[in-house]
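Quick notes on the structure that follows.
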Amino acid sequence: MTQFLPPNLLALFAPRDPVPYLPPLDKLPHEKHHNQPYCGIAPYIKDFEDPRDAPPPTRAETRDERMERKRREKIERRQQEVESELKVWDPHNDQNAQGDAFKTLFVARVNYDTTESKLRREFEVYGPIKRIHMVYNKPSGKPRGYAFIEYEHERDMHSAYKHADGKKIDGRRVLVDVERGRTVKGWRPRRLGGGLGGTRRGGADVNIRHSGRDDTSRYDERDRDRERERDRRDRSRDKQRERRSSRSRERRRRSRSREKDDRKRSRERSRDKDKDKDKDKDKDKDKDKDKDKDKDKDKDKDKDRDRKRRSRSRDRKRDRDRDREKKEERTEGEAPENAEVNLEEIQIGDGALDGTEVKPEPEEKGRDRERDRERDKDRDKERERDRDRRRSHRDRDKDRDRDRDRRRERDRERDRDHKRDRDRGDRSDKREERVPDNGLIQEPPAEETSQDMYLDQESMQSGDGYLSTENGYVMEPPME
């Protein structure tokens, strides 16, 4: 197929020129044999230097040795500075140390933001203050964290010494002590190797972290007490751990035994479920039959109730018609002009006082409601059947209980409606029996008139030629 290609593509498939022949080269340098073989250093030993004449080796300083050397040099320099400052230091001739030394209080560990006025307010509680001297750093002008307070009376200084130690000022607890520079012989400040604290004695194993006006023996006792408390805590923690580990072991054992029991129970339940399923199938068939029977019974009961209600309503209407005829006969000969108006004209007539017609609800609406209720019930039951077929026997039991509760509620609602109808009929009968003092007979109100109609009639004011009702009785207009 390549012969059909165009020339530009055929050129790609053309062979190249053959490789030209070249004669072989000589051996490479590393392949050539040297004329002189390699030899050792034996012939050159005579030119080496004699070890006796060699200088001793120089030893370099290690890092630890260098640090130790610098530390020793620093201590030596500090000792020289302390000795020179001790020769110059004299608290009795100090310009800043003024006033009575036995009335002066030393306050240390003061917050750097605390002012002189704040210190005065805090320490004036113990007595009147004569002078406060706060110490500042000379080159920077920043406070150094301690001050001297001079009281007017020595007893005030003693009370502050006893009660003010450990007082919290601006978030820091201060240390309060007497001035010892001018009162204690041979006293040296802390910067010159003295003071009450033991934080500059040596290493971490010798220094005492908590310095103050207490003796070092008390600090030792505190440390011992703390160590004892720590040992007790450690022992109690070990005991608690052992108890927890033992409890965890017991829990594991119990959990394992429970798991075994649960497995056995699950197996037994699965077996029982298989048996129950077969039983439930038979029961469901019987229950479906029972449900159909219950439906027929409920329908018969509803029909009987409807018949009873119809018969009661017919009897009530007959009684009302009879009473109306009697009252009309009486009122034709007895009622004078503009005397009284029957309540029938106010409540049931062709038009009420406000012009609105009040029509009793027909019985057909009540029947339609009952029919709708029955239809809804049938639909609910059909849906529940479908659900029962899909669900397990446990869910079926729950649904059955719910159905019972619903039926009971429906029956209760029917009974309530029936009682209401009965009470309305009784009330209408009682109103017919009531006769006012003026000898007029009161017409019974319509059975199904609304309460709003009564409210509208009572709320209306009587005009000329009209009568108003109060408490169900007919009232005469006022005499002019």
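The values are calculated or read from the model by the stated rules, or taken from the named source; none is laboratory data. Nothing here was measured: the structure is a model prediction, and the numbers come from that model. Positions of Cβ are backbone-derived with ideal geometry, glycine not excepted, and every protein chain shown enters the neighbour counts. Note: areas computed on protein heavy atoms with side chains; ligands, DNA, RNA excluded. Shrake-Rupley method; radii C 1.70, N 1.55, O 1.52, S 1.80 Å.
What the table below lists for this structure:
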quantity	calculated
Solvent-accessible area per residue for segment 108-154 (1.4 angstrom probe, square angstrom)	61
Potential extension, Lys317-Arg63 segment - 0.36 nm per residue separation minus Cα distance	79.0 nm
Solvent-accessible area per residue for segment 254-304 (1.4 angstrom probe, square angstrom)	93
Extension gain, Lys142 back to Asp272 (0.36 nm per residue minus Cα-Cα distance, nm)	37.9 nm
Length released on extending from Asp231 to Ser257, taking residue separation times 0.36 nm less the Cα-Cα span	5.4 nm
Order by protection proxy (mean Cβ within 10 Å, highest first), peptides 110-119, 172-181, 7-16	172-181, 110-119, 7-16
FRET efficiency, 1/(1 + (r/R0)^6) with R0 30 Å, evaluated for Asn207 and Ser84 via beta carbons	0.75
Highest average packing first - 278-287, 129-138, Cβ atoms within 10 Å	129-138, 278-287
Efficiency of FRET from Cβ geometry, Lys162 and Thr115, R₀ 22 Å, rounded to 0.05	0.30
Glu370-Asp399 pseudo-label distance in nm [points 7 Å out on the Cα-to-Cβ vector]	3.0
Where labels lie 7 Å past Cα in the beta-carbon direction, separation of Arg307 and Glu328 in nm	3.4
Whole-Å distance, taken between Cα centres, linking segment 247-288 and segment 129-163	84
Efficiency of FRET from Cβ geometry, Arg243 and Val184, R₀ 56 Å, rounded to 0.05	0.50
Segment 1-72 shape via C-alpha gyration tensor axes, a/c threshold 1.5	oblate
Loop chymotrypsin sites (Phe, Trp or Tyr not before Pro), segment 35-86, which have at most 12 other Cβ atoms in a 10 Å radius of their Cβ (DSSP)	Tyr38, Phe48
